[in-house]
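Report on one structure; see the data block that follows.
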Amino acid sequence: MPNLTLNRLTGRNVIRGCWLALVATAWLAAAPAGPVFRAGADRTDVTPELGVVIVGNFVTPASTHVHDPLYARTLVLDDGTTRVAFVLVDNVGLPRFVCDAAKQLIREKTGLGPAQVLIASTHTHSAGSARDRVGGGTDEIRDGFEGGAPVLGPYQQFLATRIADSVRNAIQRLEPAKIGWGAGSEPTQVFNRRWHVKSEELRRNPFGGTDAVRMNPPTANKDELVKPAGPTDPEIVFLSVQALNGRPLAVLANYSLHYVGGTMAGAISADYFGVFAERLRELLGGDAAAAPFVGIMSNGTSGDVNNIDFRGRGTPAAPYEKMRRVGNAVAAEVYRAYQGVVHVPWVKLEARLEEVRLATRRPSAEQIAYAEARLAPTAGKAWHPNEKLYSRHVLRAAAGPAEVNVPVQAIRVGEVGVAALPIETFAEIGLELKAKAPLKKAFTISIANGAYGYMPTPAQHQLGGYESWLGTNRVEPEASVKLTARLLAMWEEMK
Ligand SMILES: [Zn+2]
């Protein structure tokens, strides 16, 4: 009996030993040589309740209906060592303290630090306000200039939570993936919106003076139009991730177009950014039963670029018609370029976040005196239709801080460099970053990690126009030179 037991045990051990050896051999054969690259994507609804005010224009109406929902769209990449998250939120501009609140939640729930998380606004002009404390319908912009840690209003808190939820969802969906990048061009949908125009009256500014250029000139008289004041960037750059079997997981695209607009009054809409995402999902046909494909459009450097063909402007389009046309055209171009993308099994990831100290725009004594005079009950006929609003901006800037810390972020995804600026950046700044980037391909995501108004170049400041006005522009005229130099250095360090 003891022998039999021994034999039986030995036999069983032999069988188990063989089985373990087989498993080990099979595992070793399947194991990749290096670290595994993984990707996960998500979209989470961030549509506000009706009544929250819509911001993006000079009037801020309360929302009365939802045309199409708003989302936080997230792509998480993981190279086995470093993990980064890109979150694009359908909003005109999340103030820094909302982004910081979301990043704090993300750190608590996932361990992912703020440098590894990019939170940017798409810049749709038909989303709920995340600017003021309670979404109460003011034009007061709370963007971190005031300092301190403000208490979040209900919609701001909801946004921060949902952004963190979206990152958590994307992390939960991480799977082994291949990654690639591509680039296309759509020059027919971008127009520089700053123009040299003949009449001085068209170039009046709200500070009692006259500029050299005019934003969005009226086009009834085409003879007024001399030439655009700057270039456009028609390129669409994108990152693409696929499951190991080739199933599309997500595309993160970047196009330098401000927004399209053309919504009905009171409507919530994600603008062409939402149309693009839906159209690309249709074209790439992701398998919704597995992990739903997520198309994501980020805003490039579009501070001076919109969708209005000033010279060829014809009859107005029906509501939503234009944004559909633009979203479909851009998705079609990405789909075309997608066919040539080479997806590779692994790329290196790296992310950095730094603060750059900038001076703020300060009004002169003369500007303050003019603003006070225009706000007085005795003020006569207006020189400019928005002079009261800008007079308030002048007085607020005079009382505000003299300097501000602005976050800049650089992310490397293999041979692609991503820059992130918390500001509405002019096209030529993005073109310069692309031209000088020490990586094979580069693009810039604007209005990321905060919203600090517009950033023209120093030369564009000289021309004047809406984007240079104190209040619309809040950081020093040399800001673009300083931030560009810093971003190029950050890319250089991670090359
Ligand atoms: Zn804007």
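The values are calculated or read from the model by the stated rules, or taken from the named source; none is laboratory data. Predicted model only: the values in this text are computed from it and were never measured. Cβ atoms come from the backbone with ideal geometry, glycine included; neighbour counts cover every protein chain shown. Calculation scope for accessible area: heavy atoms of the full protein, side chains included, ligands and nucleic acids excluded. Shrake-Rupley method; radii C 1.70, N 1.55, O 1.52, S 1.80 Å.
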Too-long pairs where the Cα-Cα distance tops 18 Å, listed order kept, from K348/K495; K109/K178; K198/K222; K227/K388; K440/K482: K109/K178; K227/K388; K440/K482
What is the spin-label model distance, in nm, from V36 to E366 if the labels are put 7 Å beyond Cα along the C-beta direction? 6.7
Long-range share for the chain, i.e. C-alpha pairs more than 32 Å apart as a percent of all pairs, stands at 42
For L50 and V344, compute 0.36 nm times the residue count separating them, minus their Cα-Cα distance, and round to one decimal in nm. 101.4 nm
Pop the C-beta distance of A62 and E278 into the FRET formula with R0 = 25 Å and round what comes out to the nearest 0.05. 0.40
Report, for the chain, the % of DSSP beta bridges that are antiparallel, rounded to 5. 75
Given a 1.4 Å probe, how much area per residue of the chain is accessible, in Å²? 42
Candidate span helices, the chain: DSSP H, at least 30 Å along axis from Cα coords, Kyte-Doolittle average at least 0.0, result 2-30
